[in-house]
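Contents: one structure, followed by commentary.
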Amino acid sequence: MFDICSIGHITRDKIVTPGNTVYMAGGTSFYMTYGMSHLPRKVSYQLVTKVGEESKADLDKIRSLGFDTVCYPSRRTVFFENIYGADSNDRKQCVRSKADPFTLDDVEPLQAKVFHLGSLLADDFSPEVVEALADKGTVSIDAQGYLREVVGEEVRPVEWKDMSRVLRATGILKLNESEMQTVVGSNDPYEVGKKLAACGVGEVVMTLGSYGSVIYAGGKAYDIPAYKPKKLVDATGCGDTFSTGYLWCRVQGMGIEEAGKFAAAMCSLKLQHSGPFDGTIADIEQLIG
């Protein structure tokens with residue numbers, strides 16, 4: 001039984017920013033696994049992914065981090081192209097290839113307290129898969145993948161299919177401001193939190209960029225500050241970094257506000273460079289003050 005099991009595709013990413021172009025691995029599970037590798041190993045962690053042969057070298061590097069890693073075969077690896085403008089919130093995406101979705105057979109042997117589903121595209125996790133995992137532990141979901149599909153190679157927004165069914169099985173849901181508008185039709189975090197709680201979500205984590213974040217749980221909204229980065233280099237993986245810090249804290253029994261501040265500080269440090277979080281817990285604690 002693991003404390004946290006992160007399930008999601010490791011991707012091949014091309015990241016284009018005004019000052020640079022970087023090729024690297026990516027995806028929610030990639031950012032979470034590397035982030036976890038820089039935190040004290042008080043939490044047992046497992047990675048479950050699905051990649052093609054072209055990602056063997058990336059997978060070998062991930063395995064070298066020392067976490068239990070399960071990799072199912074896929075015909076291809078997900079290949080994302082992310083193009084950012086001067087505003088880091090302005091991102092254009094293309095998908096050059098897709099991986100196979102996760103199945104009931106894939107998740108049947110898994111055992112964990114928290115399952116974090118790093119959805120990248122709408123068909124990664126069926127409602128049946130989410131429900132099967134909810135029978136075993138708390139399901140944590142990043143909403144982003146459920147709200148986008150690939151047409152040709154273009155990433156387009158899509159309505160969340162089977163949303164009510166998935167939300168009933170979700171313990172923790174993370175979404176950003178634009179996703180709040182898509183899912184609930186509001187960018188008011190207090191209204192969004194109440195509506196999603198009524199759908200059955202235990203903790204609604206809403207990240208608002210430089211405005212901080214709001215976490216709604218147990219009928220209460222927790223306002224979490226943003227920590228200003230020394231410089232803003234690359235926002236790719238920031239939401240995944242927030243989930244990493246938040247779940248690492250929560251699975252140890254830390255309070256929601258403490259976990260939110262820890263996660264926000266991790267994000268600020270990650271923003272200062274391309275790639276996953278590579279700081280230390282001392283860096284995080286110093287930033288929080």
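The values are calculated or read from the model by the stated rules, or taken from the named source; none is laboratory data. Keep in mind the model is a prediction, meaning the values are calculated, not measured. Because the Cβ atoms are built from the backbone with ideal geometry, glycine has one as well, and the counts that use them run over all protein chains shown. Note: accessible area is taken over every heavy atom of the protein model, side chains too, but ligands, DNA and RNA are not part of it. Shrake-Rupley method; radii C 1.70, N 1.55, O 1.52, S 1.80 Å.
Of note:
- Cα-only Debye scattering, region 75-120: base-10 log of I(q)/I(0) at q = 0.18, 0.34 Å⁻¹: -0.76, -1.20
- For the chain, a Gaussian network of Cα nodes joined below 10 Å ranks VAL51, VAL151, VAL204 by mean-square fluctuation, and the top entry is VAL151.
- Residue ranges 188-198, 137-147 sort as 137-147, 188-198 when ordered by packing (mean number of other C-beta atoms within 10 Å per residue, highest first).
- Taking only the C-alpha atoms of the chain, Rg followed by Dmax gives 17.3, 48 Å.
- Taking the DSSP beta bridges with both ends in region 157-278, the antiparallel portion is around 65 percent.
- Taken per residue, the accessible surface of region 5-126 reaches 42 Å², heavy atoms only and a 1.4 Å probe.
- Filter on LYS14/LYS92; LYS61/LYS113; LYS14/LYS270; LYS42/LYS220; LYS61/LYS92; LYS56/LYS161 - keep pairs with C-alpha separation over 22 Å: LYS61/LYS113; LYS42/LYS220; LYS61/LYS92; LYS56/LYS161
- Per atom type, region 1-117 shows carbon and sulfur on 49% of its accessible surface, probed at 1.4 Å.
- Other-chain or far-sequence residues with amide H under 5 Å of VAL139's (modelled H): PHE115, GLY171, ILE172
- Length added when fully stretched, GLN111-LYS230, from 0.36 nm per residue minus Cα-Cα: 38.9 nm
- Within the accessible surface of region 190-238, defined with a 1.4 Å probe on protein heavy atoms only, the carbon and sulfur portion equals 55 percent.
- Percent of Cα-Cα distances greater than 22 Å, calculated over region 161-262: 27
- Extension gain for GLU53-ARG96 works out to 13.9 nm (0.36 nm per residue, less the C-alpha to C-alpha distance).
- Over 20 Å [Cα-Cα, region 112-205], rounded percent: 31
- Each DSSP beta bridge with both residues in the chain is either parallel or antiparallel, and the antiparallel ones are about 45%.
- Relative contact order of region 115-244, pairs being alpha-carbon contacts under 8 Å that are 6 or more residues apart, as %: 17
- Only DSSP H runs of four or more residues enter the estimate; each adds -39500 (n - 2.57), and after division by the residues of the chain the mean residue ellipticity at 222 nm equals -9000 deg cm²/dmol.
- Relative contact order for the chain, counting Cα pairs under 8 Å that sit 6 or more residues apart, in percent: 16
- Centroid-to-centroid separation of region 157-191 and region 73-141 [C-alpha atoms, Å]: 16
- Region 226-246 residues near the modelled VAL16 label - backbone nitrogen below 19 Å, point 7 Å along Cα→Cβ: 233-237
- Comparing region 1-79 with the 2.2 N^0.38 Å rule of thumb, its C-alpha radius of gyration ratio is 1.13 (two decimals).
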